[in-house]
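A short write-up of the structure that comes next.
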């Protein structure tokens, strides 16, 4: 197991480097030359020269990449064009708002999906199975941003129960999860984020559990007189590693892919920051945010893989 | 005259030969069709997709209004306002007509990137899976880098840098969808490559090209097709999300995601009307998801 863990750790390095190459290349994807996209449009010739020197933009591209990589590794992700703040500060502040709603959503999705998945897998073909499967199809088919807009229409516009957008009157700096007047503004973003992973996790639970339930040892358990609950407990332990792997993947998707829901609710997280960067064509901010989010995703995948190996003695990789 | 009698005699002989074969023997695709024929849910949603596609293609014939014709007097009208069945938008344009025309963009964004990604990703995947070794590793590790991004983030990264517009959106979606298809094709190919019948073909002197086309490709096609079909709905959702963020087609063109984004300003005036374009996305996405589930079952491909 330790050998596998070491190998898995080593494998992360080339992937991480690949991610930095793609993020670096984003500047060159943007129309116009990188100097233009790194500076505000009213920059003077002196600014341009200074920037070219600072970034080494007069050097060949591989050298430029190495310089940029050196900066990135030491936490220097450049300066946002719009706010003149270091990009790293902006991203960490936004991450602090994204991580809580993503974690709550994925746990909520996991709990509901596990329940529905067990209901469905123990009654394959039955009415409850069909209802649970229909919920899962709805979950994976619904555009999260439309669900967000619809939730706003129903609960904010028509019923007036919840605030339509933002993080409450105190703003993001003084937001508290323990005051309902503020925490209630997180309710709709959390629901909108929960639905897609709920659908995916339910399908994973159902299929992997149904697969285990069809194995011979379940027959043996039934023969020795074990009840339905006991059998499910045995089966779930066998299906859990697969479900946990999907859980980790979904957590990564939510942290990196919350841009649509955060835009709908103007929730000041990383997704909202990305949207701001796109609207203002703030390429350093876009690049830095994407780099941090992709690295977070790589890390989450690493942790999940290692946990899986630790949890499941059958996996002897390496 | 004599020509005709020869052909009809040949046809009769052909029929006789077919009649001599036992009736219940069907090929793989025959079995697939047989299973699909009695899967009424899949058939229903296949029909729904046909309706959606036809109404997008023939939008000019069935749309009640010109989708771009604005009217200052009839802005943001409710459902069933005179002949504007689904109401009007913030410029007084008919929502139903715009949804019908918008289907063209959405279906284009759902299908074209998936087809291109299937060809490109499938090709790389089959090559990587069949050759294995250094070339295979190089291709697959290259694809792994793209898996280090959540798909929405990758789409936003590329699209956000390239800028909006239909061509950029098509490029973005194709780049996002190619790596997963490549991986599925690689897995299927490397499994087939190690099977006995491939060794038998090689032993009897078949060339690499002929093994690839006659033995490997035909067997790898079902898992790749099933996976590609699941991506159509994903592609439509992703495309409408990009349009919602302003990274899709430019404003006067009707597009479901873009309509939802502009109508969002009017939720306090006409709440129900504002939800309509999203409903079109939802219905289309459900239809494609259920048809792909049906295909998976009919083709007997494991998830």
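The values are calculated or read from the model by the stated rules, or taken from the named source; none is laboratory data. Just so it is clear, the model here is predicted, and its values are computed rather than measured. Note that each Cβ is placed from the backbone with ideal geometry, even for glycine, and that neighbours are counted across all protein chains shown.
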Q | Evaluation of residue A:92 against (1) surrounded by fewer than 17 Cβ atoms within 10 Å (Cβ to Cβ); (2) under 16 Å from residue A:194 (Cα atoms) (one fails), failing number | A | (2)
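Here's the yes/no breakdown for (1) at pLDDT 85 or above; (2) buried (at least 17 other Cβ atoms within 10 Å of the Cβ); (3) more than 8 Å from every other protein chain (Cβ to nearest Cβ):
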| position | (1), (2), (3) |
| --- | --- |
| B:143 | yes, yes, yes |
| B:156 | yes, yes, no |
| B:161 | no, yes, no |
| B:167 | yes, no, yes |
Q | Matching helices (runs of 4 or more DSSP H) fully within the range B:218-295 where at least 3 residues are crowded, with 21+ Cβ neighbours inside 10 Å | A | B:218-244, B:256-263
Q.
Can you name every one of the helices (runs of 4 or more DSSP H) wholly within the range A:37-132 that holds 2 or more residues which are within 19 Å of the chain's Cα centre (by Cα) and modelled with pLDDT of 80 or more?
A. A:87-121
Q: Working only within the range A:137-156, note down all residues that are closer than 13 Å to residue B:261 by Cα, assigned to a helix (DSSP H, G or I), at the interface with chain B (Cβ under 7 Å from one of its Cβ atoms) and under 20 Å from the mean Cα position of the chain (by Cα).
A: A:145, A:146
(Q) Given the options B:221, B:226, B:232, B:291, name the one that is without any contact (Cβ under 8 Å) to a residue 24 or more places away in the chain and closer than 25 Å to residue B:184 by Cα. (A) B:221
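So, in the range A:179-194, of the ones that are surrounded by fewer than 24 Cβ atoms within 10 Å (Cβ to Cβ) and in contact with a helix residue (DSSP H, G or I) (Cβ under 9 Å, 6 or more places away or on another chain), which residue ends up farthest from residue B:296 (Cα to Cα)? It would help to see each step written out before you state the result.
Narrowing the range A:179-194 to residues surrounded by fewer than 24 Cβ atoms within 10 Å (Cβ to Cβ): A:179-187, A:190-191.
So of that shortlist, the ones also in contact with a helix residue (DSSP H, G or I) (Cβ under 9 Å, 6 or more places away or on another chain) come out as A:182, A:186-187, A:190-191.
Numbers: A:182: 46, A:186: 38, A:187: 36, A:190: 32, A:191: 30 Å.
For the range A:179-194, the residue satisfying everything is A:182.
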(Q) I need the full set of residues from the range A:218-236 which are touching a helix residue (DSSP H, G or I) at 6+ places or on another chain (Cβ under 9 Å) and without any contact (Cβ under 8 Å) to a residue 12 or more places away in the chain, in order please. (A) A:222, A:226, A:230
Q: Identify, from the list B:275, B:266, B:228, B:298, the residue that is more than 10 Å from chain A (Cβ to nearest Cβ), at pLDDT below 85, under 23 Å from residue B:45 (Cα atoms) and in contact with a helix residue (DSSP H, G or I) (Cβ under 8 Å, 6 or more places away or on another chain).
A: B:298
**Q.** residue A:205 vs. criteria over 27 Å from residue B:239 (Cβ atoms), over 27 Å from the mean Cα position of the chain (by Cα) and either crowded, with 19+ Cβ neighbours inside 10 Å or away from chain B (no Cβ under 13 Å) (or both)
**A.** no
